[in-house]
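Since the structure comes first, as C-alpha cells, the remarks are kept for the end.
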Amino acid sequence: MSVKNDRWIRRMVKEHDMINPFAESQVREGVISYGLSSYGYDLRVADEFKIFTNVNSTIVDPKGFDARSFVEFRGPVCVVPPNSFALARSVEYFKIPRNVITICLGKSTYARCGIIVNVTPLEPEWEGFVTIEISNTAPLPARVYPNEGLCQIVFFESDELCEISYKDKKGKYQAQQGIVLPKI
C-alpha cells in the first residue's frame with residue numbers, strides 16, 4: 001500500500017469520476033486553500049451546518065440521535081461556539097475505487113485556531129458527500145468558511161483488491177447526500 005501523488009489522483013478522477021467537482025490545481029488566492037495538492041486533495045466544506053446546542057438539554061446518543069441536539073445553519077460564514085461541535089458536508093462528491101482507502105487530516109490554518117476536523121476513512125467503493133465533524137477546542141467562537149478548504153484527503157492504493165468493499169457490505173452511509181446523522 002502506498003500514498004498516491006497528484007498525477008495518480010488526476011488519473012483516478014478521469015477514470016473513475018473519483019472527485020466531483022474536481023479542482024485540478026490548488027486554489028489559494030484569498031481563500032483557505034482547496035483542490036489538488038502534491039499528495040492529496042483539500043476538500044471544501046459546503047455552506048450547510050448542524051451546530052450542536054444545549055438549549056434543549058438533550059443527550060447526544062449515537063443509538064438514538066435527537067435532532068433537537070443541534071441547530072441547522074446555512075450561510076457564508078459559520079460560527080462554531082467555544083468548546084463546541086458542528087457537522088458539515090463536503091462540496092465534492094467522492095467515489096472511492098475498490099483498491100483505495102483514504103484518511104483525512106485537518107488543515108493547519110484551522111488547527112492553529114483550535115478547529116479539529118475528523119472524518120472517518122473513506123473505504124473502498126464508498127461514495128457520497130463526506131460528512132465532516134468539526135470541533136472547536138478553543139475557548140472562543142471560531143469561524144468556518146464555506147466553499148473553502150477544510151481538510152485534506154490522502155489516498156492509499158493497495159496492491160490487491162479488498163475481499164469485501166463498503167459497497168459489498170451495503171454500508172449504511174453509502175451514497176449519502178447531505179449531512180448524515182449517526183445510524184445504527
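Quick note: the coordinates plus some simple rules give every number you see, no bench work behind them. Just so you know, these numbers come straight off a predicted model, no measurement behind them. Glycine gets a Cβ as well: all are built from the backbone with ideal geometry, and neighbour counts include every protein chain shown.
D for the stretch 52-151, whole µm²/s, Stokes-Einstein with Kirkwood Rh over alpha-carbon pairs at 25 °C and 0.890 mPa s: what number?
165 µm²/s
Subtracting the Cα-Cα distance from 0.36 nm times the residue separation, let me have the gained length for TRP8 to VAL60 in nm, one decimal.
On the way: separation 52, 0.36 × 52 = 18.72 nm, distance 4.00 nm.
Length difference between fully extended and current span is 14.7 nm.
Nearest 10 degrees is fine. How inclined is helix 6-16 to the longest principal axis of the chain, computing both from alpha carbons?
Orientation of helix 6-16: about 90 degrees from the principal axis.
So for the stretch 2-157, averaging the separation of alpha carbon pairs under 8 Å that are six or more residues apart and normalising by length, what relative contact order in percent results? Present the calculation step by step, with values, prior to reporting the outcome.
Values: 371 pairs, mean separation 48.3, N = 156.
Here the relative contact order equals 31 percent.
With +1 on each Lys and Arg Cβ and -1 on each Asp and Glu Cβ, how big is the dipole of the chain about its Cα centre, in debye rounded to the nearest 20?
So the dipole magnitude of the chain works out to roughly 260 debye.
What nm value, rounded to one decimal, do you get for the distance between ASN99 and TYR39 when each label is placed 7 Å out toward the C-beta?
Simple spin-label model gives 2.1 nm for this pair.
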